[in-house]
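Participant: Sending over a structure as structure tokens; questions will come in a sec.
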Amino acid sequence: MAQTQSAVAAPLQIAERHWYTDVLAEVVAIAKEPRGGIAIFILIVLLLFAYILPIFDPTDPNFIINAPKNEGPSWGSPMGTDHLARDLLARNSIGLGRTIVNGLGAVIVGWFAGIVIGYIAGWRGAKTDIIIMRAIDTLLAFPGILLAIVMITILREIAVGWDLLPLATAIAIFNVPWVARLARAGVLRERGRDYVLAARTIGCSGRRILFRHVAINTFGPFTVQLPLAVVASVLTMAALNFLGLGAKPPDPTLGQILLDGSRFMRDDPHYVIGPTIVLALLMASLNFLSDVMSERFDPVRRRQV
């Protein structure tokens, strides 16, 4: 009787395992890798700098403090002041937070739209696939920066008072075409597998097969490419802000700070050193994270390591 109870209890213990347990286990495994540990540590430091520092040092990034203009780093202003005597520590902190939120939000929205479009095109096939992919090819025919500039110019007249919304929307649209192609390729690869035929045989609907079975087996490349997509989006956002197409002054973003500081680089290099280091650390950590995730989730590279 005791053996029967233990045999029944074992499956129940397995059933109680939740998805976030697996996610936590993967995070711990990635952190044990040297590059993964460095990447996670840098990301935590940057997140603390962007979101926790303003709580303990609630300096208004647009407030003109009682200090000389373009002053170098000091005890009162660890990153110095800008050309209007505003605290660069506060401006870089707020600018990084806005860059992360808008860059990551744009990637998530663009990826969601691209994945759904690619799944539908790859699963339905025939005329649906042709129409969707020709539209995707049309978007890919335009250079990304040019398409973003056009979208920002159009949306600026609509989204009055939302300075970063046109920029985030443009970056989201920038991500849709290549994500859709990646999703479509994954569906085309998986839809002829035996498990799909078995699911059809037992009467599963096409929508259930696509989003409950095929989607799970196509998420590997997305997981690996996500950090790189965030890198590209953050760099694009910084570049467009540098061109004056993002937030309007005096609201700070890293690109806007670099734009303002470019006029004073020779005499006051501290102005641009701060945002440059922050961007470099963010890019390096995300690239390290992408490499480690690629080795963990890509079966071909995992066999080679």
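The values are calculated or read from the model by the stated rules, or taken from the named source; none is laboratory data. What you are looking at is a predicted structure, and each value in this text was computed from that prediction instead of being measured. Cβ atoms come from the backbone with ideal geometry, glycine included; neighbour counts cover every protein chain shown. These area figures cover heavy atoms from the full protein model, side chains too; ligands, DNA and RNA do not enter into them. Shrake-Rupley method; radii C 1.70, N 1.55, O 1.52, S 1.80 Å.
Participant: Residue check: is L210 over 18 Å from N241 (Cβ atoms), modelled with pLDDT of 80 or more and open to solvent by 50 Å² or more (accessible area, probe 1.4 Å)?
Facilitator: Against the criterion (over 18 Å from N241 (Cβ atoms), modelled with pLDDT of 80 or more and open to solvent by 50 Å² or more (accessible area, probe 1.4 Å)), L210 does not qualify.
Participant: What pairs can you find where one residue is in the stretch 77-98 and on the phi > 0 side of the Ramachandran plot, the other is among the acidic types (D, E) and surrounded by fewer than 23 Cβ atoms within 10 Å (Cβ to Cβ), and their Cβ atoms are less than 7 Å apart, with a gap of 6+ or different chains?
Facilitator: Between residues of the stretch 77-98 that are on the phi > 0 side of the Ramachandran plot and residues that are among the acidic types (D, E) and surrounded by fewer than 23 Cβ atoms within 10 Å (Cβ to Cβ), the close pairs are G80/E71.
Participant: For the subset of the stretch 277-294 comprising residues that are over 18 Å from F49 (Cβ atoms) and polar (S, T, N, Q), which member is most open to solvent (accessible area, probe 1.4 Å)?
Facilitator: The qualifying residue most open to solvent (accessible area, probe 1.4 Å) is N287.
Participant: Since N62 meets every condition but one in (1) farther than 16 Å from I277 by Cβ; (2) surrounded by 17 or more Cβ atoms within 10 Å (Cβ to Cβ); (3) in contact (Cβ under 8 Å) with a residue 24 or more places away in the chain; (4) of a type in the set (S, T, N, Q), which condition does it not meet?
Facilitator: Going through (1) farther than 16 Å from I277 by Cβ; (2) surrounded by 17 or more Cβ atoms within 10 Å (Cβ to Cβ); (3) in contact (Cβ under 8 Å) with a residue 24 or more places away in the chain; (4) of a type in the set (S, T, N, Q) one by one, N62 breaks only (2).
Participant: L258 - would you say it is modelled with pLDDT of 80 or more and within 30 Å of E26 (Cβ to Cβ)?
Facilitator: no
Participant: For a quick check of your reading: which helices (runs of 4 or more DSSP H) sit entirely within the stretch 5-94 and have at least 1 residues that are at pLDDT 85 or above and over 17 Å from L289 (Cβ atoms)?
Facilitator: The qualifying helices (runs of 4 or more DSSP H) are 53-56.
So that you can scan it fast, the table gives a plain yes or no per residue for (1) in contact (Cβ under 8 Å) with a residue 24 or more places away in the chain; (2) closer than 27 Å to P73 by Cα; (3) among the polar types (S, T, N, Q); (4) open to solvent by less than 20 Å² (accessible area, probe 1.4 Å):
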| position | (1), (2), (3), (4) |
| --- | --- |
| V214 | yes, no, no, yes |
| G244 | no, yes, no, no |
| D251 | yes, yes, no, no |
| Q256 | yes, yes, yes, yes |
| P275 | yes, yes, no, yes |
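Participant: Can we say L53 is free of Cβ contacts under 8 Å to residues at least 60 places away in the same chain and surrounded by 15 or more Cβ atoms within 10 Å (Cβ to Cβ)?
Facilitator: So L53 fits the description; yes.
Participant: Here is a further query. Is it true that some residue in the stretch 117-131 is over 20 Å from G206 (Cβ atoms), surrounded by fewer than 19 Cβ atoms within 10 Å (Cβ to Cβ) and without any contact (Cβ under 8 Å) to a residue 60 or more places away in the chain?
Facilitator: Scanning the stretch 117-131, I find no residue that is over 20 Å from G206 (Cβ atoms), surrounded by fewer than 19 Cβ atoms within 10 Å (Cβ to Cβ) and without any contact (Cβ under 8 Å) to a residue 60 or more places away in the chain, so the answer is no.
Participant: Which one of P299, P227 is open to solvent by less than 60 Å² (accessible area, probe 1.4 Å) and either at pLDDT below 80 or not β-branched (V, I, T) (or both)?
Facilitator: The match here is P227.
Participant: Let me ask another. Regarding the stretch 20-32, can at least one residue be identified that is buried (at least 18 other Cβ atoms within 10 Å of the Cβ) and over 30 Å from A180 (Cβ atoms)?
Facilitator: no
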